[in-house]
1. Provide the net charge surrounding Asp189, with neighbours chosen by a C-beta distance below 12 Å and charges set as Lys +1, Arg +1, Asp -1, Glu -1.
2. Taking 0.36 nm per intervening residue step and subtracting the Cα-Cα distance, what contour gain separates Leu167 from Ile9 on full extension?
3. Quick one: compute the contact order of segment 133-258, relative version, from alpha carbon pairs under 8 angstrom and 6+ residues apart, as a percent.
4. Given charges of +1 on the Cβ of Lys and Arg and -1 on the Cβ of Asp and Glu, with all other atoms neutral, how large is the dipole of segment 134-185 about its Cα centre, in debye to the nearest 20?
5. For Leu135 and Asn160, what does the FRET efficiency come to when R0 = 41 Å and r is the distance between their Cβ atoms, rounded to the nearest 0.05?
6. Which peptide among 173-183, 197-207, 9-19 comes first, and what is the full order, when sorted by highest mean count of other Cβ atoms within 10 Å?
7. Please list, in order along segment 56-62, the HN-Hα scalar couplings obtained from phi with the Karplus expression 6.51 cos²θ - 1.76 cosθ + 1.60 (θ = phi - 60°), rounded to whole Hz, x for Gly and Pro.
8. Can you find, among Tyr258, Ser229, Phe244, the residue sitting farthest towards the positive end of the charge dipole of segment 195-258, where Lys and Arg contribute +1 and Asp and Glu -1 at Cβ?
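The values are calculated or read from the model by the stated rules, or taken from the named source; none is laboratory data. What you are looking at is a predicted structure, and each value in this text was computed from that prediction instead of being measured. Cβ placement follows ideal geometry from the backbone for every residue including glycine, while neighbour counts extend to all protein chains displayed. SASA here: full protein model, heavy atoms, side chains in, ligands and nucleic acids out. Shrake-Rupley method; radii C 1.70, N 1.55, O 1.52, S 1.80 Å.
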Amino acid sequence: FDINEDSNIYAKVVSGFKSGGTSQRSANAELFASGFEEEDILSYELGYKGELWDRRARLNMAAFYMELDGLQSSVQTGSTPGERDFLPIDDNTIQGLELDLTLLLTERLSFSFNYGYLDTELGEDSLDTPAGTFLFMDDFAYAPENSYTASADYRVPVGNGVLGINLNYAYQDEVITSINASDTALIDDYSIWGAAASWSDISLGSMPGSLKFMLWGKNLGDEEYKTISIGAWSPFGASEVATFGDPRTYGLTMSYVY
């Protein structure tokens, strides 16, 4: 529904499914033979999209609620982490908020902010299967309750091209890495700073296209953080196996646009 020329609200209901099948990595003959059923989702969303402040601000917001049945959950059912089946979990819910804001503070300075809130809940605490009884966590894996990013950009034209400065920040709450209580691990919350300085739209005279140079830095605080963590290797003497994000990194990039 159009509130005016610059903003609108919307609501939608969506249903979908993912077909069933059989896990090619199953180590249990009975689970392999029976396979798994389809996964169904029913999703509700209410949102707003608009431009405000004489079109110097753009705001998008959405609230959503989802119901999932037959959630095809990849769970280790054999003696090694690679031996897995998709176990069905019913009555799961995901609800949350999303916000996306962009501000043109001055002719040369802009600011953007993105925020996400998630509240997830598994519908079953445990499941009895031919491979044994599995206990589940309360929340979905890799689903941070809060996450947000913010960035500021300053651009100024010069004699040949445009000079720009960018400063950015990202934060994510702690997450669990598996719904299976026996092999889940925890990734702590973390925050990352980044920055860049650029010289773009450099004319090459009679040659077509333009040049861009950018000096950038990522993870300026040299935060040590995990992106993936697995607790399924504990029977082999490794209580946790993790992949870490990049440390403090610098670079100079040259681009030719034509």
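1. Counting the neighbours of Asp189, the net charge comes to -4.
2. On the way: separation 158, 0.36 × 158 = 56.88 nm, distance 3.17 nm.
Computed gain between Leu167 and Ile9 is 53.7 nm.
3. Details: 300 pairs, mean separation 26.5, N = 126.
Worked out over segment 133-258, it gives 21 percent.
4. Details: 1 positive and 7 negative charges, 96 e Å.
Dipole size: approximately 460 debye.
5. Numbers: r = 65 Å, r/R0 = 1.57.
Using R0 = 41 Å, I get an efficiency of 0.05.
6. Numbers: 173-183: 18.8, 197-207: 13.0, 9-19: 10.6.
The densest-packed peptide leads the list: 173-183, 197-207, 9-19.
7. For segment 56-62, the Karplus-derived couplings read 9, 10, 10, 10, 10, 9, 8 Hz, x marking Gly and Pro.
8. Final value for the positive-end residue is Tyr258.
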